[in-house]
2 protein chains.
Amino acid sequence: MSGRFFCIGVGPGDPELLTLKAVRCLGECTTVAYFAKRGHHGHASRIASAYIPPSAGQLRFEYPYTTEHPAEDRTYTSALTHFYENTARQIAVRLNAGGTVGLLCEGDPFFYGSAMHVFERLRAYPCVVIPGVTGMAGAWAEALLPMTQGNDVLSVLPGTLPEDALAAQLAGSDAAVIMKTGRNLPKIRRALERAGRMADAVYVEYATMTASRVLNVRDVTTPAPYFSLILVPGWRQRP
Amino acid sequence: MSGRFFCIGVGPGDPELLTLKAVRCLGECTTVAYFAKRGHHGHASRIASAYIPPSAGQLRFEYPYTTEHPAEDRTYTSALTHFYENTARQIAVRLNAGGTVGLLCEGDPFFYGSAMHVFERLRAYPCVVIPGVTGMAGAWAEALLPMTQGNDVLSVLPGTLPEDALAAQLAGSDAAVIMKTGRNLPKIRRALERAGRMADAVYVEYATMTASRVLNVRDVTTPAPYFSLILVPGWRQRP
């Protein structure tokens, strides 16, 4: 009799944005697993800390790299594959012993989440995926910025796209969210200008956390941290 | 001293997918407001019912139409404008009296939500927007379908778009969510075929609710209800 595997979305940062289901399932876990950057407290584990049963075992998985590399970097992708395989194996040991393992996921597990790599390797076990509030939803709520209405097309774009692709995607959408800003900010700005969307673009960092900031993209002077994104609202016929 | 206005995302359907913050804020409301279709129990109010304080007043706002009309229909849009203005006015009366009013929103308030129309008219009051789990996140969790990873572009598309536009958007994205299926299903199917995405497309109805169903789009034989959408997953390099 193998145990159950929960992929638990813990939301964008504010611990109050956990769902009731996330809290209940966390309470049922015999092991709680999470990812962390080397030298950092895991972000997902910090968000959920108040709801992790003191009796639960913890599995901390430290990413082999501290920054994202391009997918063409074979050394990087093979290190990550090895990392996710090892993660899945360690969780499987607990599941095979009948344990209930919860893997914590920032935001929503299936929306650009690391947990997907582990889920794919463990999907033969009884799995429950608990959806979460995404970082982008936390950001537009924080910015008090209504995003999409009626027949709007929304595009979620990685800021790593080439400038031409970004500008074309922005021109072909009513609303957009641009993730992975960081070093890509100057290029994203040029794409926003070309698509004529600079004036409405809003930059949000650390949404729903105490350090949160909302700025017009034009006014961003500091380097963009990992927890930042850009919102281009739709609903251009608003009253 | 005016009161506070909460736009409260109640998630996709399962009452356990309310956030802790939604539950806490609901508990502080002196009035709970919600939209409903004529002759129907309001869906958002049913989701949140266990958390509405018995002492709170309730404001039910019945949509003037039971189906959505095209934006070109002037009689329809002017009836809706009048409806949202009246809704905002009735909530403002409570806010002016110092009350705390929570407006319930299915999914997330700022993601294709009716509450946006009311929020825009009341934003001069102290407002808090509580993000929620979207219907699409509920659907991909239910379908156990990882959606986006790495540098994927995700497009959220209304099924009301013309077939050519749908096909072009699908071809230009790694992942897509198609909303407003209903009568648009035959057209959406043709667009999926043209974009070569029919084989992976998954249809989900009543996600996170007891009546939920997950099917390959090809196998849908019944008319699509309002609570249905189509998921085209990205992450095509998955292990």
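The values are calculated or read from the model by the stated rules, or taken from the named source; none is laboratory data. What you see is a predicted model, and the numbers here were worked out from it, not measured in a lab. Neighbour counts are summed over all protein chains in view; Cβ atoms, including those assigned to glycine, are modelled from backbone coordinates with ideal geometry.
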Quiz item: What residue, among those in the range B:114-155 that are part of a loop (DSSP other than H, G, I, E, B) and of a type in the set (Val, Ile, Thr), is nearest to the chain's Cα centre (by Cα)?
Solution: B:134
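Would you be able to say whether some residue in the range A:56-64 is more than 15 Å from residue A:118 (Cβ to Cβ), touching a strand residue (DSSP E or B) at 6+ places or on another chain (Cβ under 9 Å) and either assigned to a strand (DSSP E or B) or not hydrophobic (A, V, I, L, M, F, W, C) (or both)? Explain how you work it out, then say what you get.
Of the range A:56-64, the ones more than 15 Å from residue A:118 (Cβ to Cβ) are A:56-58.
Next, only the ones that are touching a strand residue (DSSP E or B) at 6+ places or on another chain (Cβ under 9 Å) stay: A:56-58.
In the following step, the residues that additionally are either assigned to a strand (DSSP E or B) or not hydrophobic (A, V, I, L, M, F, W, C) (or both) were identified as A:57-58.
Yes, because at least one residue in the range A:56-64 is more than 15 Å from residue A:118 (Cβ to Cβ), touching a strand residue (DSSP E or B) at 6+ places or on another chain (Cβ under 9 Å) and either assigned to a strand (DSSP E or B) or not hydrophobic (A, V, I, L, M, F, W, C) (or both).
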Exercise. Considering only residues that are under 22 Å from residue B:13 (Cα atoms) and hydroxyl-bearing (Ser, Thr, Tyr), look in the range B:169-221 and name the one that is surrounded by the fewest Cβ atoms within 10 Å (Cβ to Cβ).
Key: B:210
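Consider residue A:168 carefully, then state whether it is closer than 30 Å to residue B:72 by Cβ and either outside any loop (DSSP other than H, G, I, E, B) or of a type in the set (A, V, I, L, M, F, W, C) (or both). Outline the logic, then answer.
Working: closer than 30 Å to residue B:72 by Cβ: yes; either outside any loop (DSSP other than H, G, I, E, B) or of a type in the set (A, V, I, L, M, F, W, C) (or both): yes.
Considered against the rule, which asks whether it is closer than 30 Å to residue B:72 by Cβ and either outside any loop (DSSP other than H, G, I, E, B) or of a type in the set (A, V, I, L, M, F, W, C) (or both), residue A:168 comes out as yes.
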Quiz item: Can you tell me which residue in the range B:84-105 is nearest to the other protein chains (Cβ to nearest Cβ), limited to those that are in contact with a strand residue (DSSP E or B) (Cβ under 8 Å, 6 or more places away or on another chain) and not in a helix (DSSP H, G or I)?
Solution: B:105
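Return yes when residue B:222 is of a type in the set (Ser, Thr, Tyr), touching an Asp or Glu at 6+ places or on another chain (Cβ under 7 Å) and either within 14 Å of chain A (Cβ to nearest Cβ) or over 30 Å from residue A:80 (Cβ atoms) (or both) and no when it is not.
Working: of a type in the set (Ser, Thr, Tyr): yes; touching an Asp or Glu at 6+ places or on another chain (Cβ under 7 Å): no; either within 14 Å of chain A (Cβ to nearest Cβ) or over 30 Å from residue A:80 (Cβ atoms) (or both): yes.
Here the answer is no, as residue B:222 does not meet what is asked.
Let's see how each residue does on (1) farther than 24 Å from residue B:176 by Cα; (2) among the acidic types (Asp, Glu); (3) more than 13 Å from every other protein chain (Cβ to nearest Cβ):
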| residue | (1), (2), (3) |
| --- | --- |
| A:168 | no, no, no |
| A:187 | yes, no, yes |
| A:195 | no, no, yes |
| A:202 | no, no, no |
| A:211 | yes, no, yes |
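So is residue A:19 within 11 Å of chain B (Cβ to nearest Cβ) and among the polar types (S, T, N, Q) or not?
On the way: within 11 Å of chain B (Cβ to nearest Cβ): yes; among the polar types (S, T, N, Q): yes.
For residue A:19, the condition - within 11 Å of chain B (Cβ to nearest Cβ) and among the polar types (S, T, N, Q) - is met.
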Quiz item: Looking at residue A:81, is it assigned to a loop (DSSP other than H, G, I, E, B), of a type in the set (Val, Ile, Thr) and without any contact (Cβ under 8 Å) to a residue 40 or more places away in the chain?
Solution: no
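Based on what the data block shows, is residue B:139 touching an Asp or Glu at 6+ places or on another chain (Cβ under 8 Å), of a type in the set (A, V, I, L, M, F, W, C) and either under 27 Å from residue A:161 (Cβ atoms) or more than 12 Å from chain A (Cβ to nearest Cβ) (or both)?
Values: touching an Asp or Glu at 6+ places or on another chain (Cβ under 8 Å): no; of a type in the set (A, V, I, L, M, F, W, C): yes; either under 27 Å from residue A:161 (Cβ atoms) or more than 12 Å from chain A (Cβ to nearest Cβ) (or both): yes.
Here the answer is no, as residue B:139 does not meet what is asked.
Taking the range B:142-153, which residues are within 21 Å of residue A:139 (Cβ to Cβ) and either β-branched (Val, Ile, Thr) or crowded, with 24+ Cβ neighbours inside 10 Å (or both)?
Start the filter on the range B:142-153 by keeping residues that are within 21 Å of residue A:139 (Cβ to Cβ), which leaves B:147-153.
Passing the criteria: B:147, B:148, B:153.
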Practice problem: Please go through the range B:72-112 and pick out each residue that is crowded, with 18+ Cβ neighbours inside 10 Å and modelled with pLDDT under 95. | Solution: B:80
Quiz item: Do we find a residue being without any contact (Cβ under 8 Å) to a residue 12 or more places away in the chain, over 24 Å from residue B:48 (Cβ atoms) and more than 14 Å from chain B (Cβ to nearest Cβ) anywhere in the range A:23-37?
Solution: no
Quiz prompt | Subset of the range B:22-38 (residues that are part of a loop (DSSP other than H, G, I, E, B) and either closer than 22 Å to residue B:117 by Cβ or touching an Asp or Glu at 6+ places or on another chain (Cβ under 7 Å) (or both)) | solution = B:29, B:37, B:38
